[in-house]
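All of the numbers you see were taken from the coordinates with simple rules; none came from a lab. Predicted, not measured: the structure shown is a model, and the values here were computed from it.
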Ligand code: CO8
């Protein structure tokens, strides 16, 4: 597929996707979802990529769903648009590898929902977060009502969605919506360092950790603990795990 909106670079086991519609602050249209859906399907079958980074071009991460495209929709179309978007963001969660949102600017509406579909969020000091759909007479439509309360807590989710407030990266950090705030000039460098650190670990453990935390959160505690014991023990059959422990004892870096 020829990508028109996604700019993709792959190096050192890390894929970086830049959403590029800067004239409309990277607003998400149907074409974006088709491209992202295709790219994520492609990624499922690759074992040479261990971390995915998503960012936006220009001053915005993503300023929401494309309002001009949405404004002409009938209810049935809006339902399809919402479900398709939800399914694409859900793929980020079920992808085997970790996904990091590098939030460089506005993450509003669908942009905040995209960032929340990622495994964690690193933000520039200039980033702004919010779910302003209420200003358009709408609710969030890409599972923002579901993810925000799970990530930032019930009170913060109700506060942000009911007020439609735009908040700073520092406020998002305090809410747990963001894990780290960086200087704008060093955002990508800092994110790539983190991605490199994760990608330099034995990939079996990284994949298991994402699966355990993602699946475990909707399971009873005991079931999640059993899942953990199974994944933990299975790693003992992997060469990378043996190498990790032997390298520790031999006081050297593991060779993965
Ligand atoms: N959709 C379409 N175009 C947009 C969007 C958007 N979400 N955001 C910005 N643009 C366009 C502007 O229209 C403008 O275009 P033009 O130059 O042709 O006038 C261009 O981008 C630049 O924007 P501004 O001039 O407004 O830039 P400012 O720096 O002055 O303001 C803001 C930046 C504050 C981000 C402002 O653009 C804004 O408020 N944007 C809309 C934010 C918003 O409401 N987002 C939520 C959208 S709704 C949503 O995401 C629902 C998701 C679920 C959908 C489910 C499917 C049914």
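Angle between the Cα long axis of helix 75-94 and the longest principal axis of the chain, 0 to 90 degrees, nearest 10? Once rounded, the angle reads 20 degrees.
Could you work out [θ]222 nm for the chain from helices alone, using -39500 (n - 2.57) per DSSP H run of at least four and dividing by all its residues? Round to the nearest 500 deg cm²/dmol. Let's see the in-between values first.
Working: 11 runs with 125 residues, N = 256.
Helices in the chain give a 222 nm mean residue ellipticity of -15000 deg cm²/dmol.
Any chance you could check the Cα centroid distance between segment 202-256 and segment 27-95 for me, in angstrom? The distance from the Cα centre of segment 202-256 to that of segment 27-95 comes to 30 Å.
Distances between every pair of Cα atoms in segment 6-199, grouped in 5 Å steps from 0 to the bin holding the largest one, split as 1, 8, 18, 22, 22, 16, 9, 3, 1, 0 percent. What is the angle, in °, between the Cα long axis of helix 203-216 and the longest principal axis of the Cα atoms in the chain? Nearest 10 is fine, range 0 to 90. Once rounded, the angle reads 50 degrees. When only Cα pairs below 8 angstrom with a gap of at least 6 residues are kept, the chain shows a relative contact order of 16 percent. Largest GNM mean-square fluctuation across 161, 246, 67, computed for the chain with C-alpha springs under 10 Å, falls on 246.
Please say if segment 32-72 is rounded, prolate or oblate, where rounded means a/c under 1.5 for a ≥ b ≥ c the square roots of the C-alpha gyration tensor eigenvalues, and otherwise the choice is prolate for a/b larger than b/c and oblate otherwise? Taking the square roots of the gyration eigenvalues as a ≥ b ≥ c, segment 32-72 is oblate. Computed from Cα atoms, the angle from the helix 221-234 axis to the main principal axis of the chain rounds to 50 degrees.
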